[in-house]
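Every read-out reported here was derived from the displayed coordinates using simple, explicitly stated rules and does not represent laboratory data. The shown structure was predicted, so the numbers you read here are calculated from the model rather than taken from an experiment. Note: ideal-geometry Cβ built from the backbone for every residue, glycine included; neighbour counts use all protein chains shown.
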Amino acid sequence: MKYDVTIGIPVYEAEIYIFRSLESALSQTYSSIEFLLIDDGCTDASMDIIRFFQAQHPRGKAIRIISHEHNKGVSAARNRIIDEAAGEYLYFMDADDVIAENTIALLMASIRQYKAEIVFGSYEKINTDGRREIYQYPNQQLLGEDQLASFAYRKYAGIQASACNYLVKTSLLRTHKLHFIHVNYWEDLVFTFNLVTFVSRAVMLSEITYTYYCHDHSLSHYQQRDHISKDEIFNNVRAIDYLKETSSILYNKVYYPNRCFNIMMTDFYIVCNILKRRKDIIPVVTDDEIKTMMTHPASFRQICAFRQSKFKNLALYLLGRLPARLCVSLVYGLGKLKKLI
């Protein structure tokens with residue numbers, strides 16, 4: 001059966017949250033929605049709760065479950081959603097978050113009005129201490145080639161890192177073979193960073209449509225731990241390295257300098273976090289490894305030709321070319337100055 005929209009939810013050990021999350025999805029005022037849930041090897045009661053909804057909820061027949069024989073990770077689950085979705089448009093959400101009941105109706109209205117390939121909603125984040133943070137876009141239409149990418153890269157963190165809370169044309173993902181890379185963290189950032197380069201008609205909405213909940217057990221929640229695995233750190237680094245590797249083909253794009261700067265600033269913040277908790281990382285991260293993280297994706301000659309962000313990129317390029325100990329010392333000093341360390 002065909003639908004206008006597929007809401008895709010990877011599910012793994014989510015029994016504490018999935019009732020609230022799925023209930024918010026099923027409460028959408030928009031009618032033509034498929035609810036595609038991936039059982040990514042759950043061993044708790046998550047799937048029992050989902051099957052209860054499937055049997056009892058008025059929209060239960062629109063719930064489709066695909067099961068993995070074992071846990072493959074969120075990237076594999078989302079890739080399965082991309083491949084299997086029956087909706088003309090696709091909306092990802094996480095199994096521990098909730099969406100407003102008019103989310104899909106609001107996003108689809110902009111899809112229809114502007115013939116958009118993608119529509120972003122604004123969102124709120126609820127921290128572990130209950131503190132609420134709002135991430136709000138301006139109401140804006142970006143209806144020309146490269147306009148969305150230029151908007152996304154205009155400043156560091158200019159667009160959401162999450163793959164949730166935007167409605168995207170499913171055929172766009174399939175045509176360009178867009179999938180999530182297999183890392184444990186920041187696979188969302190890589191996917192969205194690359195996705196925006198293929199979009200020519202986009203809309204940003206100021207309405208809050210998504211609530212993202214932080215949890216103490218989150219993979220990225222370093223501050224609550226006494227020891228951090230070096231492998232976990234380098235999973236983050238591998239994600240950013242992938243962005244560097246996929247940047248060279250965009251050299252002639254107007255947004256390329258700002259994309260490079262965004263990537264390098266992400267590396268800078270990773271390094272600052274490493275230096276802040278260096279004694280707690282096992283085994284130790286060496287100065288040479290930190291210097292390698294600060295390798296710029298563009299060449300010196302390319303940076304000299306930049307018309308945007310030339311000097312910021314040049315400074316970061318030179319930082320990564322210094323001897324390892326000096327590179328680390330300068331990053332530490334800059335991190336202290338910016339109160340990141």
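Going by amide H atoms built from the backbone, whose H comes under 5 Å of the H on LEU142, apart from near neighbours?
The list, which skips near neighbours in sequence, is ALA202, VAL203, MET204.
Please list, in chain and number order, the residues 5+ apart from PHE92 or on another chain whose amide H is under 5 Å from its amide H, with Hs placed from the backbone.
GLY8, ASN165, TYR166
Quick one: give the max-minus-min coordinate of the C-alpha atoms of region 283-325 along each principal axis, largest first, in Å.
The Cα atoms of region 283-325 stretch 41, 15, 14 Å along the principal axes, largest first.
I need to check one value: relative contact order of the chain, counting alpha carbon pairs closer than 8 Å and at least 6 residues apart, in percent. Intermediate values should be presented prior to the final figure.
Working: 620 pairs, mean separation 54.3, N = 341.
It rounds to 16 percent for the chain.
Got the relative contact order for region 26-124 handy, in percent, Cα pairs under 8 Å and 6 or more residues apart?
Relative contact order here is 35 percent.
What base-10 log of the normalised intensity I(q)/I(0) is obtained for the chain from the Debye formula, alpha carbons as equal point scatterers, at q = 0.15 Å⁻¹?
Each listed q corresponds, in turn, to -1.34.
Counting only DSSP beta bridges with both residues in the chain, tell me the antiparallel percent, nearest 5.
Roughly 35 percent of the DSSP beta bridges within the chain come out antiparallel.
May I ask for the distance between the Cα centers of region 15-58 and region 143-164, given as a whole number of Å?
Region 15-58 and region 143-164 have Cα centres separated by 31 Å.
Would you mind checking the pairs LYS2/LYS125; LYS312/LYS339; LYS125/LYS253; LYS125/LYS169 and listing those with alpha carbons more than 27 angstrom apart?
Beyond 27 Å between Cα atoms: LYS2/LYS125; LYS125/LYS253.
Output the Kirkwood hydrodynamic radius of region 210-341, Cα pairs only, in Å rounded to one decimal.
Over region 210-341, the inverse of the mean reciprocal pair distance is 15.8 Å.
I'd like the Karplus ³J(HN,Hα) series for region 236-252: coefficients 6.51, -1.76, 1.60, θ = phi - 60°, whole numbers in Hz, and an x wherever there's a Gly or Pro.
So the J values, rounded to whole Hz, are 4, 4, 4, 5, 6, 4, 5, 4, 4, 5, 8, 8, 4, 6, 9, 4, 7.
Let me have the 222 nm mean residue ellipticity of the chain computed from DSSP H runs of 4+ only, each contributing -39500 (n - 2.57), with the sum over all residues rounded to the nearest 500.
-12000 deg cm²/dmol
When 1/r is averaged over all different Cα pairs and the result inverted, which Kirkwood radius in Å belongs to region 1-145?
Averaging 1/r across every pair of different Cα atoms and inverting gives 16.1 Å.
Would you mind getting me the FRET efficiency between THR295 and GLU145? Use the beta-carbon distance for r and R0 = 35 Å, nearest 0.05. It would help to have the intermediate numbers written out before the result.
Numbers: r = 30 Å, r/R0 = 0.85.
Result of the calculation: an efficiency of 0.70.
Could you derive backbone 3J(HN,Hα) for region 305-314 from the dihedral phi with the Karplus parameters 6.51, -1.76 and 1.60 (θ = phi - 60°), listing whole Hz in sequence and x where the residue is Gly or Pro?
Coupling constants for region 305-314: 8, 4, 9, 10, 6, 4, 6, 5, 5, 5 Hz.
Students often check this: by mean Cβ neighbours within 10 Å, which of 13-26, 242-255, 184-197 ranks highest, and how do the rest follow?
184-197, 13-26, 242-255
List the extent of the Cα atoms of region 142-195 along each of their three principal axes, largest first, rounded to whole Å.
That works out to 30, 27, 17 Å along the principal axes.
Can you give the FRET efficiency for ARG325 and SER67, using 1/(1 + (r/R0)^6), R0 = 45 Å, r = Cβ-Cβ distance, to the nearest 0.05?
Details: r = 51 Å, r/R0 = 1.14.
For R0 = 45 Å, the calculated efficiency reads 0.30.
Under the 0.36 nm per residue contour assumption, what length would be gained going from the current alpha-carbon distance of ASP226 and LEU178 to full extension? Walk me through the numbers before you get to the answer.
Working: separation 48, 0.36 × 48 = 17.28 nm, distance 3.69 nm.
Value of the extension gain: 13.6 nm.
Convert 37 °C to kelvin, take the viscosity as 0.692 mPa s, use the Kirkwood radius over C-alpha pairs of region 118-166 as Rh, and evaluate the Stokes-Einstein diffusion coefficient in µm²/s, rounded to a whole number.
267 µm²/s
Taking 2.2 N^0.38 Å as the expected size of a compact globular protein, what ratio does the Cα radius of gyration of region 87-226 give against it, to two decimals? Let's see the in-between values first.
Numbers: Rg = 15.2 Å, N = 140, 2.2 N^0.38 = 14.4 Å.
With N residues counted in region 87-226, Rg over 2.2 N^0.38 Å equals 1.05.
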